[in-house]
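For reference, the structure is listed below as structure tokens.
The values are calculated or read from the model by the stated rules, or taken from the named source; none is laboratory data. The structure displayed is predicted, hence computed values, not measured ones. In this analysis, Cβ positions are derived from the backbone assuming ideal geometry, glycine residues included, and neighbour counts consider all displayed protein chains.
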Amino acid sequence: MNAPQTSELLPAPRQLADIQAAIGECLLDKPREIRLALACILAGGHLLIEDLPGLGKTLLAQSIARTLGLDFTRVQFTSDLLPGDLLGGAVFERDSGSFRFHPGPVFTEVLLADEINRASPKTQSALLEAMEERQVSVDGHTRALPAAFFVIATQNPFDQQGVFPLPEAQLDRFLMRLSLGYPSAAAERALLTGGDRRAVLAAQAPRVDAEAVCALQRAAGGLKVSPALIAYVCALLEETRSAGLFRHGLSPRAGQALVAAARAWALIDGRDYVVPSDVQAVLPAVAAHRLQPLGTEPATALLERVVAGVALP
């Protein structure tokens, strides 16, 4: 695909800034997390939000869907949720005397898999084909999902009771993992004095629609990536494999995710080319959940050492 001309990209920064500001009216004082979440969507990826209950994970997902003008379905994952509850299945209709497929909640544009790690591994794996292929196979038939299909999953920390850790294969399907953390003191005061943020969410109007989201994704995918920058990404991947910091290094698929996310980050800045700082900005969110540190130091801190060990192009 040829890279879009700069003139074609001029409306995008204003449009994307408006989207971020709208989401920020609901989720206060989290501009970086909002920008990362938007970059994840523009890169065509799925988002995993891991944090304690009550910190705005569901609100962020709802605000993203509403602001982007996308159909939204929320599924509360529980230990008794079955794959058929998610995907749908054939139901016998007495009037016609035949079975008819009834689509499940996965047939939407934004699927919020709330507390995904409370469901059994069997139900978690039911999402794998949908996330990777954007289609599902049920009763011997393959059915396509909407062109703008995203999974935004939330999960609770693993030290809480009643959770099933996501397997590595499913973690790898999420382009990014974010943590929101506690709000700042000023944001918390605004939350406590400004009323329910769900009322703000209900009053929001879509800034774009599904067609515009797909167009923005195509624009992001067409941004220029120089051979020198590809070499820089390859060097980062190799550093995670050879530095002795992780059990396993990043895979080529992780490298593809890193380039896609960096392109989206550059588009939000209004550029039609990618620079090393774009890669560095998205690296922790793209890579940390794919890595298992050998020691007790968290993956995000180790990734800083990876970046420091690779020369800039």
Open item on the list: Could you list, ordered by first residue, the pairs with Cβ atoms under 7 Å in which the first is in region 262-279 and more than 20 Å from VAL213 (Cβ to Cβ) and without any contact (Cβ under 8 Å) to a residue 40 or more places away in the chain and the second is among the small types (Gly, Ala, Ser) and part of a helix (DSSP H, G or I), at least 6 apart or interchain?
Closed with: ASP278/ALA262; ASP278/ALA266
Task: Pick from region 93-118, criterion within 19 Å of the chain's Cα centre (by Cα) and part of a loop (DSSP other than H, G, I, E, B), ranking: nearest to PRO167 (Cα to Cα) - done: GLU115
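Residue-wise test of (1) of a type in the set (Asp, Glu); (2) in a helix (DSSP H, G or I); (3) buried (at least 24 other Cβ atoms within 10 Å of the Cβ).
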| site | (1), (2), (3) |
| --- | --- |
| ARG241 | no, yes, no |
| GLY244 | no, no, no |
| GLY249 | no, no, no |
| GLN256 | no, yes, no |
| ALA262 | no, yes, yes |
| ARG271 | no, no, no |
| VAL282 | no, yes, yes |
Open item on the list: So in region 135-158, with the set limited to residues that are assigned to a loop (DSSP other than H, G, I, E, B) and modelled with pLDDT of 90 or more, which one is nearest to HIS46 (Cα to Cα)?
Closed with: PHE149
- [ ] Examine region 82-92 for a residue that is outside the structural domain of VAL208 (by TED's automatic domain parsing), free of Cβ contacts under 8 Å to residues at least 40 places away in the same chain and not in a helix (DSSP H, G or I), and state whether such a residue exists.
- [x] yes
TODO: Identify, from the list ALA185, ALA148, the residue that is out of contact with any helix residue (DSSP H, G or I) (no Cβ under 9 Å at 6 or more places or on another chain) and not assigned by TED's automatic domain parsing to the domain that holds ALA260.
DONE: ALA185
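Here is a check on your reading of the model: is LEU223 in contact with a Phe, Trp or Tyr (Cβ under 7 Å, 6 or more places away or on another chain) and either over 21 Å from SER63 (Cα atoms) or among the hydroxyl-bearing types (Ser, Thr, Tyr) (or both)?
Numbers: in contact with a Phe, Trp or Tyr (Cβ under 7 Å, 6 or more places away or on another chain): yes; either over 21 Å from SER63 (Cα atoms) or among the hydroxyl-bearing types (Ser, Thr, Tyr) (or both): yes.
Taking the combined requirement at face value, the residue satisfies it.
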TODO: Of all residues in region 167-226, count the ones that are part of a loop (DSSP other than H, G, I, E, B) and either under 18 Å from the mean Cα position of the chain (by Cα) or of a type outside the set (A, V, I, L, M) (or both).
DONE: 18
Task: Subset tally (residues that are among the β-branched types (Val, Ile, Thr), under 13 Å from LEU245 (Cα atoms) and part of a loop (DSSP other than H, G, I, E, B)) for region 284-313 - done: 1
Open item on the list: If ALA39 meets every condition in (1) over 22 Å from ASP272 (Cβ atoms); (2) modelled with pLDDT of 95 or more; (3) in a helix (DSSP H, G or I) apart from one, which number is that one?
Closed with: (1)
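Scan region 47-60 and give yes if some residue there is outside the structural domain of ALA288 (by TED's automatic domain parsing), charged (D, E, K, R), part of a helix (DSSP H, G or I) and modelled with pLDDT of 95 or more, otherwise no. Spell out how you get there, then give the answer.
Of all residues in region 47-60, those outside the structural domain of ALA288 (by TED's automatic domain parsing) come to 47-60.
Adding the requirement that they be charged (D, E, K, R) leaves 50-51, 57.
Narrowing the set further to residues that are part of a helix (DSSP H, G or I) leaves 57.
From what is left, the residues that are modelled with pLDDT of 95 or more are none.
Scanning region 47-60 turns up no residue that is outside the structural domain of ALA288 (by TED's automatic domain parsing), charged (D, E, K, R), part of a helix (DSSP H, G or I) and modelled with pLDDT of 95 or more.
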Task: Looking only at region 119-134, and only at residues there that are of a type outside the set (A, V, I, L, M, F, W, C) and under 19 Å from the mean Cα position of the chain (by Cα), the one that is nearest to PRO146 (Cα to Cα) - done: ARG134
- [ ] Provide a single number: the residues in region 284-313 that are of a type in the set (Ser, Thr, Tyr) and surrounded by 14 or more Cβ atoms within 10 Å (Cβ to Cβ).
- [x] 1
